[in-house]
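J.: Structure provided below as structure tokens; questions to follow.
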Amino acid sequence: MTPTARVPEYALDFHWTHENPMTARPIRLVMALAAVLALGACESKPPVQKLPPISFAGKAPIQLDVGQLEIVSEYQPPGHAPNYEHLMQISPGAAAVQWAKDRLKPMGRTGYAHVVIRDASVIRTALKTDKGITGLFKEEQGERYDGSLDVVIQIQDERHMTLGEVEARATRSRTVPEGATVNERDRDLYEITEGLVRDVDSQMDGLIHGYLARWVLQQ
């Protein structure tokens, strides 16, 4: 009788692999490092900041002897470059509307305080920068934003005939460095809008009391 060969039990658990043990570990390390870097990039991205509203509610309103306040914007944003106001969190036009609501209070029976926003633009201009080797070692300004705000106040009778008028204009400019984050750019643009509307408010305070004084009620 021919003897039967027995296969050792430990041999049944043997699995052949084509993986080269000399290269497998470096590959795993590279993949792990890539995953860590990708996760770090996701976690380091700052959240978009929510900028506070620009309000003049803290200032005493100018009480006018008119029955209604009307706010009209003649300026229509083009919605494309080089204009940039349509991409701003708070545009000069929106800030001007809020300013009029906060600062002008109709307290009379008839007539209108007719507010016209004639210009509320912000223009973006790309600036020339050093693209050579030396440019790597210095921080340069990459963009300039030029803002304009033009607001008119007309006192009108019940037939919308203009009885008195004043106009305030303001301009502001700001440059932004290369590599600025979205939040840094938004903050610079916010400060342009805030500066414009506060300049208009300062001018209007004197103009209204000087040239429209007959319609200003004593407080």
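J.: Determine the pairs where a residue that is within 18 Å of residue 209 (Cβ to Cβ), located within region 60-73, has a partner that is surrounded by 14 or more Cβ atoms within 10 Å (Cβ to Cβ) and aromatic (Phe, Trp, Tyr) with Cβ atoms under 6 Å apart, the partner being 6 or more residues away or on another chain.
T.: Going by the 6 Å Cβ cut-off, the qualifying pairs are 64/215; 65/215; 66/112.
J.: Would you be able to say whether some residue in region 100-109 is surrounded by 15 or more Cβ atoms within 10 Å (Cβ to Cβ) and closer than 11 Å to residue 196 by Cβ?
T.: Among the residues of region 100-109, not one is surrounded by 15 or more Cβ atoms within 10 Å (Cβ to Cβ) and closer than 11 Å to residue 196 by Cβ, which makes the answer no.
J.: Also: Among the residues of region 103-121, is there at least one that is more than 18 Å from the chain's Cα centre (by Cα), at pLDDT below 95 and among the β-branched types (Val, Ile, Thr)?
T.: No, every residue in region 103-121 fails to be more than 18 Å from the chain's Cα centre (by Cα), at pLDDT below 95 and among the β-branched types (Val, Ile, Thr).
J.: Same structure again: With a cut-off of at least 1 residues that are more than 22 Å from residue 207 (Cα to Cα) and of a type in the set (Val, Ile, Thr), name the strands (runs of 3 or more DSSP E) lying wholly within region 81-174.
T.: Hits in region 81-174: 112-126.
J.: Pick from 165, 194: which is closer than 19 Å to residue 56 by Cβ and at pLDDT 95 or above?
T.: 194
J.: Do we find that residue 216 is among the β-branched types (Val, Ile, Thr), out of contact with any Asp or Glu (no Cβ under 6 Å at 6 or more places or on another chain) and closer than 17 Å to residue 120 by Cα in this structure?
T.: Criteria not met by residue 216.
J.: Now for a separate question. Only residues that are touching a residue at least 40 places away in the same chain (Cβ under 8 Å) and under 23 Å from residue 56 (Cα atoms): list them for region 170-191, please.
T.: 186, 187, 188, 189, 190, listed by residue number.
J.: Of the residues that sit in region 182-219 and are in a loop (DSSP other than H, G, I, E, B) and of a type in the set (A, V, I, L, M, F, W, C), which one is surrounded by the most Cβ atoms within 10 Å (Cβ to Cβ)?
T.: 212
The values are calculated or read from the model by the stated rules, or taken from the named source; none is laboratory data. What you see is a predicted model, and the numbers here were worked out from it, not measured in a lab. Ideal geometry is used to build each Cβ from the backbone, glycine not excepted, and the neighbour counts take in all protein chains shown.
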